[in-house]
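Q: Quick one: the structure is below, and I'll ask about it shortly.
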Amino acid sequence: MPHIESSGDEPAGLLTEELELELLLEALRQRFGYDYRAYDRMTVRRKVHAVQQERGLATVSLLQNAVLHEAGVADQLLRALAVQPMLLFDDPEQARLTRIALACLHASPVPRVWMPDCAGAEAAWSLAILLAEEQLHARTEIFATVATEELLREALEASIPLERMAEYQENYLKSGGRSNLAGYFDIKGKRATLVETLRARITWSQYNIVTDASPNEFQMIIARRMLPDLGPVLRQRVLRLFHESLCLFGVINLDRPFDGTDPLASQYQQLIPSVPWYKRIQ
């Protein structure tokens with residue numbers, strides 16, 4: 001556990017809470033196998049406080065006790081700490097840029113796309129629809145990985161409410177969509193699920209981004225939503241993992257552009273001007 005030293009300027013309450021947070025994260029690692037100690041601390045603290053508030057708990061120590069002894073609390077906290085789920089085409093501009101980047105996959109006979117710490121079923125479904133519209137779905141495999149068994153179960157059982165379809169259709173059209181979004185879904189009652197021909201191209205699995213080795217070689221990695229949660233040391237380790245997982249001339253979507261401090265920057269070429277889509281060139 002990292003040693004916490006007082007500068008003499010920090011209120012005792014803040015130091016106590018930081019110690020409580022360290023103990024909570026250590027408990028998650030030892031009891032459940034999920035290591036968030038190297039994640040961005042401000043982000044972790046914000047998410048932990050949100051769960052505290054929902055539970056009506058005054059301190060992080062009380063939350064730790066609940067995590068260890070009350071059913072369902074650990075799942076709730078782990079869900080909060082994971083990448084927050086996206087809605088179908090909820091970022092039309094990013095979807096439009098993804099359409100442009102997908103052109104790089106045409107050169108590969110069997111492209112593989114990795115969505116590490118995928119932001120839920122609707123994130124993968126959005127990509128599957130984009131692949132279909134670029135005539136790539138029949139030969140492209142999407143590997144969508146999530147951190148916990150609970151998130152995996154939710155992704156496999158996902159559906160969307162029909163009342164949101166109009167909102168989704170509007171965002172889909174803003175992204176460059178060319179048809180009726182509902183045509184990509186099987187509708188049962190008031191819920192809709194992506195058609196089987198597209199869902200079959202998505203392989204869901206549980207994967208620990210902190211400890212697991214590279215799961216495969218990929219032609220594309222989409223990591224924009226998960227990278228901001230990482231602390232600086234873990235970020236560099238994960239970027240190295242992605243580099244080792246990406247084939248030569250494969251493309252990757254980051255959360256921000258490379259800068260002069262990034263050791264991998266010289267091995268990539270910006271694919272789309274002014275946005276963090278890159279092609280591996282070395």
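Q: Give ARG240, ARG280, ARG235 a once-over and let me know the one that is charged (D, E, K, R), in contact with a His (Cβ under 8 Å, 6 or more places away or on another chain) and without any contact (Cβ under 8 Å) to a residue 60 or more places away in the chain.
A: Testing whether each residue is charged (D, E, K, R), in contact with a His (Cβ under 8 Å, 6 or more places away or on another chain) and without any contact (Cβ under 8 Å) to a residue 60 or more places away in the chain leaves just ARG280.
Q: Okay, next question. Among the residues of segment 71-116 satisfying the criterion of being closer than 21 Å to ILE252 by Cβ, more than 15 Å from the chain's Cα centre (by Cα) and among the charged types (D, E, K, R), which is surrounded by the most Cβ atoms within 10 Å (Cβ to Cβ)?
A: ARG112
Table: residues versus (1) assigned by TED's automatic domain parsing to the domain that holds GLY176; (2) part of a helix (DSSP H, G or I).
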site: HIS49; (1), (2): no, yes
site: GLN53; (1), (2): no, yes
site: LEU131; (1), (2): yes, yes
site: HIS137; (1), (2): yes, no
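Q: Go through (1) part of a helix (DSSP H, G or I); (2) not assigned by TED's automatic domain parsing to the domain that holds ILE209 one by one and return the number of the condition ALA155 breaks.
A: Checking ALA155 against (1) part of a helix (DSSP H, G or I); (2) not assigned by TED's automatic domain parsing to the domain that holds ILE209, the one that fails is (2).
Q: Can you pull out the residues in segment 257-282 that are out of contact with any Leu (no Cβ under 8 Å at 6 or more places or on another chain) and surrounded by fewer than 17 Cβ atoms within 10 Å (Cβ to Cβ)?
A: PRO257, ASP259, GLY260, THR261, PRO263, ALA265, SER266, GLN267, GLN269, GLN270, PRO273, SER274
The values are calculated or read from the model by the stated rules, or taken from the named source; none is laboratory data. Please read all numbers here as calculations on a predicted model, not as lab measurements. Because the Cβ atoms are built from the backbone with ideal geometry, glycine has one as well, and the counts that use them run over all protein chains shown.
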